[in-house]
Amino acid sequence: LLPLLPALDSDTQVTFPFNDFSKADWYYNSVRSAWYNGLIDGVTANEFRPDSTLTVAQAIKLAAVLHQLNYRSKVSLENGYPNWYSTYVDYAVNNGLIERAYGSYTAAQMNAAVTRAEFVHIFHAATDDLCDMNTVTDNAIPDVKTGDAFAAEIYDFYRAGVLTGSDANGTFHPADSIKRSEVATILIRMYDSSARRTITLR
(Lines give C-alpha, C1' and ligand atoms only; values in the text may rest on other atoms or scores of the structure.)
Protein backbone atom coordinates (compact mmCIF):
# COMPACT_ATOMS: atom_id res chain seq x y z
CA LEU A 1 0.00 0.00 0.00
CA LEU A 2 1.08 3.55 -0.62
CA PRO A 3 1.82 5.47 2.57
CA LEU A 4 -0.74 7.87 3.92
CA LEU A 5 0.26 11.51 3.80
CA PRO A 6 2.63 11.76 6.80
CA ALA A 7 2.06 15.38 7.78
CA LEU A 8 -1.51 16.43 7.23
CA ASP A 9 -0.97 19.76 8.98
CA SER A 10 1.81 20.79 6.64
CA ASP A 11 1.69 21.86 3.00
CA THR A 12 5.45 21.64 2.51
CA GLN A 13 5.58 18.07 1.23
CA VAL A 14 2.92 18.24 -1.47
CA THR A 15 0.85 21.01 -2.98
CA PHE A 16 -2.77 20.42 -2.11
CA PRO A 17 -4.75 21.94 -5.00
CA PHE A 18 -8.28 22.42 -3.67
CA ASN A 19 -9.44 25.83 -2.47
CA ASP A 20 -13.14 25.22 -1.88
CA PHE A 21 -12.83 24.04 1.73
CA SER A 22 -10.48 24.60 4.64
CA LYS A 23 -8.58 22.82 7.40
CA ALA A 24 -11.45 23.68 9.73
CA ASP A 25 -13.78 21.30 7.87
CA TRP A 26 -14.23 17.87 9.46
CA TYR A 27 -13.34 16.04 6.25
CA TYR A 28 -10.16 17.98 5.40
CA ASN A 29 -7.69 15.27 6.44
CA SER A 30 -9.71 12.51 4.81
CA VAL A 31 -9.97 14.32 1.48
CA ARG A 32 -6.30 15.21 1.54
CA SER A 33 -5.22 11.64 2.32
CA ALA A 34 -7.59 10.15 -0.25
CA TRP A 35 -6.35 12.58 -2.90
CA TYR A 36 -2.69 12.07 -2.00
CA ASN A 37 -3.02 8.30 -2.29
CA GLY A 38 -4.70 8.50 -5.68
CA LEU A 39 -8.10 7.34 -4.46
CA ILE A 40 -10.05 10.39 -5.62
CA ASP A 41 -9.44 13.57 -7.56
CA GLY A 42 -11.16 16.90 -7.89
CA VAL A 43 -14.05 17.94 -10.08
CA THR A 44 -11.75 20.65 -11.50
CA ALA A 45 -8.08 21.38 -10.98
CA ASN A 46 -8.79 23.50 -7.92
CA GLU A 47 -12.23 22.40 -6.75
CA PHE A 48 -13.07 19.23 -4.88
CA ARG A 49 -16.74 20.18 -4.39
CA PRO A 50 -17.17 18.33 -1.10
CA ASP A 51 -20.93 18.86 -0.96
CA SER A 52 -21.62 17.53 -4.46
CA THR A 53 -23.35 14.18 -4.69
CA LEU A 54 -21.84 11.11 -6.29
CA THR A 55 -23.37 9.37 -9.29
CA VAL A 56 -23.58 5.63 -9.91
CA ALA A 57 -20.91 5.89 -12.62
CA GLN A 58 -18.57 7.85 -10.34
CA ALA A 59 -19.04 5.31 -7.56
CA ILE A 60 -18.09 2.48 -9.92
CA LYS A 61 -15.02 4.38 -11.07
CA LEU A 62 -13.83 4.98 -7.51
CA ALA A 63 -14.45 1.35 -6.54
CA ALA A 64 -12.42 0.18 -9.55
CA VAL A 65 -9.59 2.56 -8.67
CA LEU A 66 -9.59 1.41 -5.04
CA HIS A 67 -9.53 -2.24 -6.15
CA GLN A 68 -6.59 -1.64 -8.50
CA LEU A 69 -4.62 0.13 -5.79
CA ASN A 70 -5.34 -2.64 -3.31
CA TYR A 71 -4.46 -5.51 -5.63
CA ARG A 72 -2.02 -4.02 -8.16
CA SER A 73 -0.52 -1.10 -6.21
CA LYS A 74 -1.13 1.33 -9.08
CA VAL A 75 -3.97 2.56 -11.27
CA SER A 76 -3.83 1.92 -15.01
CA LEU A 77 -7.51 2.53 -15.75
CA GLU A 78 -8.42 5.49 -17.93
CA ASN A 79 -11.63 6.94 -19.30
CA GLY A 80 -13.08 4.81 -22.07
CA TYR A 81 -15.54 4.54 -24.95
CA PRO A 82 -18.42 4.80 -25.78
CA ASN A 83 -18.86 6.41 -22.37
CA TRP A 84 -16.12 7.74 -20.11
CA TYR A 85 -17.10 5.21 -17.46
CA SER A 86 -17.12 2.16 -19.78
CA THR A 87 -13.64 0.95 -18.83
CA TYR A 88 -14.42 1.23 -15.12
CA VAL A 89 -17.70 -0.65 -15.47
CA ASP A 90 -15.98 -3.40 -17.46
CA TYR A 91 -13.22 -3.68 -14.87
CA ALA A 92 -15.67 -3.75 -11.99
CA VAL A 93 -17.80 -6.43 -13.66
CA ASN A 94 -14.80 -8.56 -14.65
CA ASN A 95 -13.36 -8.39 -11.14
CA GLY A 96 -16.61 -9.23 -9.39
CA LEU A 97 -17.23 -5.83 -7.83
CA ILE A 98 -20.63 -5.36 -9.44
CA GLU A 99 -23.17 -7.46 -11.31
CA ARG A 100 -23.14 -7.71 -15.11
CA ALA A 101 -26.49 -5.90 -15.18
CA TYR A 102 -24.63 -2.64 -14.60
CA GLY A 103 -23.13 -3.02 -18.06
CA SER A 104 -26.60 -2.53 -19.54
CA TYR A 105 -27.43 0.61 -17.56
CA THR A 106 -28.52 3.61 -19.58
CA ALA A 107 -26.69 6.91 -19.37
CA ALA A 108 -29.52 8.26 -17.25
CA GLN A 109 -29.13 5.40 -14.77
CA MET A 110 -25.36 5.85 -14.62
CA ASN A 111 -25.59 9.59 -14.14
CA ALA A 112 -28.21 9.36 -11.41
CA ALA A 113 -27.19 10.04 -7.82
CA VAL A 114 -26.12 6.83 -6.12
CA THR A 115 -27.85 6.04 -2.85
CA ARG A 116 -25.78 5.45 0.25
CA ALA A 117 -26.90 1.81 0.32
CA GLU A 118 -25.95 1.15 -3.31
CA PHE A 119 -22.64 2.94 -2.77
CA VAL A 120 -21.76 0.39 -0.08
CA HIS A 121 -22.85 -2.42 -2.40
CA ILE A 122 -20.59 -1.16 -5.20
CA PHE A 123 -17.60 -0.77 -2.86
CA HIS A 124 -18.02 -3.88 -0.74
CA ALA A 125 -15.79 -6.16 -2.84
CA ALA A 126 -13.09 -3.54 -3.51
CA THR A 127 -11.06 -4.68 -0.50
CA ASP A 128 -10.63 -8.05 1.19
CA ASP A 129 -9.82 -6.86 4.72
CA LEU A 130 -13.24 -5.98 6.11
CA CYS A 131 -12.43 -7.68 9.39
CA ASP A 132 -14.83 -7.30 12.30
CA MET A 133 -13.58 -4.86 14.93
CA ASN A 134 -16.94 -3.58 16.23
CA THR A 135 -19.96 -5.14 17.88
CA VAL A 136 -22.99 -4.26 15.78
CA THR A 137 -25.80 -6.72 16.31
CA ASP A 138 -28.38 -7.55 13.67
CA ASN A 139 -31.07 -4.88 13.36
CA ALA A 140 -29.14 -2.48 15.62
CA ILE A 141 -28.76 0.13 12.87
CA PRO A 142 -32.03 2.06 13.29
CA ASP A 143 -32.89 2.39 9.60
CA VAL A 144 -31.27 -0.78 8.18
CA LYS A 145 -32.90 -4.11 8.98
CA THR A 146 -31.47 -7.47 8.01
CA GLY A 147 -33.93 -8.04 5.19
CA ASP A 148 -33.30 -4.69 3.51
CA ALA A 149 -31.46 -4.29 0.23
CA PHE A 150 -27.68 -4.44 0.73
CA ALA A 151 -28.14 -4.81 4.50
CA ALA A 152 -25.46 -7.50 4.88
CA GLU A 153 -22.86 -5.30 3.19
CA ILE A 154 -23.84 -2.26 5.23
CA TYR A 155 -23.50 -4.23 8.46
CA ASP A 156 -20.09 -5.48 7.28
CA PHE A 157 -18.96 -1.85 6.88
CA TYR A 158 -20.16 -0.93 10.37
CA ARG A 159 -18.52 -3.98 11.94
CA ALA A 160 -15.26 -3.24 10.11
CA GLY A 161 -15.21 0.40 11.26
CA VAL A 162 -15.65 1.84 7.78
CA LEU A 163 -19.02 3.33 8.74
CA THR A 164 -20.28 4.59 12.08
CA GLY A 165 -23.53 6.28 11.09
CA SER A 166 -24.62 9.90 11.14
CA ASP A 167 -25.56 10.15 14.82
CA ALA A 168 -25.03 8.44 18.18
CA ASN A 169 -27.59 5.80 17.28
CA GLY A 170 -25.74 4.82 14.11
CA THR A 171 -28.45 5.98 11.69
CA PHE A 172 -27.36 5.30 8.11
CA HIS A 173 -29.94 6.96 5.81
CA PRO A 174 -29.68 4.24 3.13
CA ALA A 175 -31.92 5.94 0.55
CA ASP A 176 -30.14 9.30 0.69
CA SER A 177 -27.46 10.45 -1.73
CA ILE A 178 -23.84 10.61 -0.59
CA LYS A 179 -21.53 13.64 -0.60
CA ARG A 180 -18.02 13.60 -2.03
CA SER A 181 -16.66 14.60 1.40
CA GLU A 182 -18.28 11.48 2.89
CA VAL A 183 -16.97 9.36 0.03
CA ALA A 184 -13.39 10.48 0.66
CA THR A 185 -13.71 9.50 4.32
CA ILE A 186 -15.00 6.04 3.43
CA LEU A 187 -12.31 5.57 0.78
CA ILE A 188 -9.45 6.25 3.16
CA ARG A 189 -10.95 3.95 5.80
CA MET A 190 -11.24 1.17 3.23
CA TYR A 191 -7.70 1.73 2.00
CA ASP A 192 -6.02 2.11 5.38
CA SER A 193 -7.41 -0.01 8.19
CA SER A 194 -5.76 2.20 10.83
CA ALA A 195 -8.19 4.99 9.87
CA ARG A 196 -11.24 2.94 10.82
CA ARG A 197 -13.46 3.88 13.75
CA THR A 198 -14.93 2.05 16.70
CA ILE A 199 -18.65 1.84 17.40
CA THR A 200 -20.94 -0.43 19.42
CA LEU A 201 -24.58 -0.86 18.46
CA ARG A 202 -26.79 -3.36 20.25
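The values are calculated or read from the model by the stated rules, or taken from the named source; none is laboratory data. Since this is a predicted model, take the numbers as computed values, not measurements. Ideal geometry is used to build each Cβ from the backbone, glycine not excepted, and the neighbour counts take in all protein chains shown. The accessibility values were calculated without ligands, DNA or RNA, using every heavy atom of the protein model including side chains. Shrake-Rupley method; radii C 1.70, N 1.55, O 1.52, S 1.80 Å.
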## Note on the structure
Any lysines whose Cα falls less than 24 Å from that of Lys23, other than same-chain ones fewer than 8 residues away, would be Lys179
### Summary
Given 20 °C, 1.002 mPa s and a Kirkwood radius over Cα pairs, the Stokes-Einstein diffusion coefficient of region 29-130 in µm²/s is 153 µm²/s
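What does the charge add up to near Lys61, with Lys and Arg as +1, Asp and Glu as -1, over the other residues with Cβ less than 11 Å from its Cβ?
-2
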### Query
What is the spread of the Cα atoms of region 114-170 along each of their three principal axes, largest first, in whole Å?
27, 26, 20
### Task
Largest first and in whole Å, give the semi-axes of region 135-202's equivalent ellipsoid, each being the square root of 5 times a Cα gyration tensor eigenvalue.
18, 14, 11
### Message
At 1.4 Å probe size, put Met110, Met133 in order of accessible surface, largest to smallest.
### Response
Met133, Met110
#### Entry: Label-to-label distance, nm, for residues given as Ser104 and Asp51 (7 Å Cα→Cβ offset)
3.9 nm
### Query
Computed FRET efficiency, Cβ-Cβ of Asn70 and Arg202, R0 35 Å: what is it to the nearest 0.05?
0.65
### Long-range Cα-Cα pairs in region 79-131 (distance over 18 Å), rounded percent
32 percent
### Query
Can you tell which of Ala152, Ser166, Gly96 lies farthest toward the positive end of the dipole of region 72-202, using +1 and -1 charges on the Cβ of basic and acidic side chains (Lys, Arg; Asp, Glu)?
Ser166
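Computed over the Cα atoms of region 82-202, what is the convex hull's projected area averaged over all directions, in nm²?
Values: hull surface 30.5 nm².
The orientation-averaged projected area of the Cα hull of region 82-202 comes to 7.6 nm².
Can you give the FRET efficiency to the nearest 0.05 for Ser177 and Val14, using r as the Cβ-Cβ distance and R₀ = 35 Å? Intermediate results must be reported in sequence, preceding the final value.
Details: r = 30 Å, r/R0 = 0.86.
After rounding, the FRET efficiency stands at 0.70.
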## Note on the structure
Spelling it out for Val136: with amide H atoms placed in the peptide plane at 1.01 Å from N, the residues 5 or more places away or on another chain with amide H under 5 Å from its amide H are Leu201
### Query
Mind checking the alpha-carbon convex hull of the chain and giving the volume per residue in Å³?
122 Å³
